[in-house]
Amino acid sequence: MQPAIQTWGLTKKYGDLVAVDSLDLEVEQGEIYGFLGPNGAGKTTTILMLLGLTEPTSGRLRVLGYDPLREPLKLKRLVGYLPENLGFYDDMTAKQNLLYTAKLNGISFVEAERRITSLLGVLGLSDAADKKVSTFSKGMKQRLGMADVLLKDPQLLLLDEPTTGIDPEGVRQILDIIVDCRAKGKTVLISSHLLYQVQKICDRVGIFVKGRLIASGTIQHLGREVIAGDKFVVEAEVPDATPALEETLKGLEGVIKVAKAGPTLTIECKSDIRGVIAKTIVTSGYTLTQIRSQEYALDEIYAKYFEGEPKA
Amino acid sequence: MTGTLTIALKELSDYLGTKRFWFFFTIIYVAGLIAAYLGIQALVQARVERSFLLLFRATTGALPPFLFFITYFGPLLGIALGFDAINKERAKNTLVRLLSNPVHRDAVINGKFLSGVSIVTIVVFGIIGITSGLAIGVGLVPNLDELARLVVFAAVTILYIAGWLALSQLFSILFAQTSTSAIASFAIWGFFAFLWTPIASLIASNLIPDQNSLERITLELSLSRISPVTLYLEAVLVILTPTARFLNPVALSELLYVIPNPLPLLQSLNLIWPHIIALIALVLVCFLTSYIIFVKQEVRG
């Protein structure tokens, strides 16, 4: 199966400013890819290039098998784009705005009515369907934006900061919808600078700083690579741990370092040898209440990357 | 094509819903009605020529005739319809969402232009219809030739106002601020409507000091025809004046053989073809420039 998105050396320059610097990106079909980075990192520019709305300075790209510059219309039929700065026609009602989008996508009136009623229901906007968008709150507009994207039943969703500026309930709702899209086999690229919100749902993430994709992979993978330096970190809860146990563990094949903080033993090793560690603890006569490989939070990874970045 | 039509229909219902449009509509109609009233008076008083067309170009003197209203203030309708066509969508962040749908960029320009031209057509035919209706009401009835001339008059008027629409639409692409594009459009309108004729005269007088020479008059005429306002005014004057035979100065000796009969419509049209083609060319230039710039333009919010 070919990837939903593939770019080779994609570059966009605005004068001297390099907004996107030779990006090689690959997003598989049916996955949720988190496109993470601070504001101004070039995430929006990349998304605009994926849609054919901005012309790359150099490099190649393929989205759903199409070249966005050569066949923009075919592509735009299959891609739903939620812009960061979302705008609707203020004088029109929510429903009228959606009907316009439906018409532009060649969806018949009857079918559009059906989809709009159902989408507005799912997004909790049924009561506001016939209200002018000028009366909408930021959160309502964002949800209307999701309805606008989903209306054309796209194969690929490009969501630029879909959760920014809305309340936690609204965020949860939008994330649920995104996960639901994956369940339907759709591919989702979600750009965000809010790490906690998106890391829960992303299959893979890419970290994008100053126009460059500095890392890409699962959060687990990135954490290992960045924080642990390609090591495995195992945390074991042993309430009755003694220095003798630490020594025993250090002697195990593949263990690099053992540290103790309260009842928690943090064991760095070359590979995932949780089984061996657990067995050793138990056979040495200690109580093992819990053992797990360390989870990496995205912002730790993120912070680590920024430490490495010299301040401009 | 469906994209163009969808956009045009949406824009049309937008226009009809704005106060701006109805404000203009009212002003133009009131001005038209006043002019029609004066025109009817002039027509009733006229002794030599009692053409129905006098209605549109004659007055008793209290106010300028109908034709002048359209010539000088018609452009404002075009500008009002076009000056914020693209940059308003840009400012409201609807442009990027619009273009993320399967529509070509030229469909956006075409759709907006088409809806503007529809409005202009409604207004122009409406105003000519009402004026004619009033005249017919008081017993003045046009003949077939006059009717045909009225239709041509309406068509050239629509073309003229559409030119201003295309220009202001181009400005709405060039300038990010709606106020800038409005001011730029008004500036061009003011320049050509009120300043260009005296400037043309000044240039001609300076280049050719002999005030009465044919060269000076010809130069001044040619220069003044750079202005679409002059082009339009000359063109419709010929259409509305069946006896008009010349647009350029002619020698008296030539006039000796002229029988002052009205010309058939086609002969009148022959006289002003270059004007009409120049007006069409102006629309096309604005349009092509719009395409070229808009297709390459960044759309991000």
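The values are calculated or read from the model by the stated rules, or taken from the named source; none is laboratory data. Note that the structure is predicted; figures quoted are calculated from it, not measured. All Cβ positions, even for glycine, are placed from backbone atoms using ideal geometry, and neighbour counts span all protein chains on display. We work out accessible area using only protein heavy atoms, side chains counted, and drop any ligands, DNA or RNA first. Shrake-Rupley method; radii C 1.70, N 1.55, O 1.52, S 1.80 Å.
Here are some notes:
- Hey, residue A:182 within 30 Å of residue A:38 (Cα to Cα), open to solvent by 40 Å² or more (accessible area, probe 1.4 Å), in contact with a Leu (Cβ under 9 Å, 6 or more places away or on another chain) and assigned by TED's automatic domain parsing to the domain that holds residue A:27 or not: no
- Boolean, residue A:280 is within 30 Å of the chain's Cα centre (by Cα), modelled with pLDDT of 85 or more, open to solvent by less than 50 Å² (accessible area, probe 1.4 Å) and more than 30 Å from residue A:209 (Cα to Cα): no
- Looking only at the stretch A:84-103, and only at residues there that are among the polar types (S, T, N, Q) and open to solvent by less than 10 Å² (accessible area, probe 1.4 Å), the one that is nearest to the other protein chains (Cβ to nearest Cβ): A:101
- Selection count, the stretch A:190-219, where residues are among the hydrophobic types (A, V, I, L, M, F, W, C) and assigned to a helix (DSSP H, G or I): 3
- Taken residue by residue, the stretch B:48-66 has no member that is within 14 Å of chain A (Cβ to nearest Cβ), farther than 17 Å from residue B:9 by Cβ, part of a loop (DSSP other than H, G, I, E, B) and of a type outside the set (A, V, I, L, M).
- Residue in the stretch A:163-174 that is of a type in the set (D, E, K, R) and open to solvent by less than 50 Å² (accessible area, probe 1.4 Å) present: no
- Pairing residues of the stretch B:177-204 that are open to solvent by 40 Å² or more (accessible area, probe 1.4 Å) with residues that are charged (D, E, K, R) and part of a helix (DSSP H, G or I), at Cβ distances under 6 Å and at least 6 apart in sequence or on separate chains, gives B:178/B:88.
- Residue match in the stretch B:88-99 (condition: away from chain A (no Cβ under 13 Å) and in contact (Cβ under 8 Å) with a residue 24 or more places away in the chain): no
- Test: residue in the stretch A:9-26 that is out of contact with any His (no Cβ under 7 Å at 6 or more places or on another chain), of a type in the set (Lys, Arg), within 11 Å of another protein chain (Cβ to nearest Cβ) and surrounded by fewer than 21 Cβ atoms within 10 Å (Cβ to Cβ): no
- Note on the stretch A:250-283: residues that are among the hydrophobic types (A, V, I, L, M, F, W, C) and outside any helix (DSSP H, G or I) total 10.
- Residue selected from the stretch A:55-83 under the condition over 24 Å from residue A:151 (Cβ atoms) and hydrophobic (A, V, I, L, M, F, W, C), by the criterion surrounded by the most Cβ atoms within 10 Å (Cβ to Cβ): A:61
- Of all residues assigned to the stretch A:158-174, at least one qualifies as being among the aliphatic types (A, V, I, L, M) and within 14 Å of chain B (Cβ to nearest Cβ).
- Residue within the stretch B:101-118 that is within 14 Å of another protein chain (Cβ to nearest Cβ), in contact with a strand residue (DSSP E or B) (Cβ under 6 Å, 6 or more places away or on another chain) and within 30 Å of residue A:48 (Cβ to Cβ) present: no
- Test for residue B:44: is it over 30 Å from residue A:80 (Cα atoms) and either more than 14 Å from chain A (Cβ to nearest Cβ) or open to solvent by less than 40 Å² (accessible area, probe 1.4 Å) (or both): yes
- Residue match in the stretch B:91-99 (condition: of a type outside the set (Val, Ile, Thr) and under 24 Å from the mean Cα position of the chain (by Cα)): no
- Some residue of the stretch A:34-54 being farther than 20 Å from residue A:159 by Cβ, open to solvent by 10 Å² or more (accessible area, probe 1.4 Å) and touching a Leu at 6+ places or on another chain (Cβ under 8 Å): no
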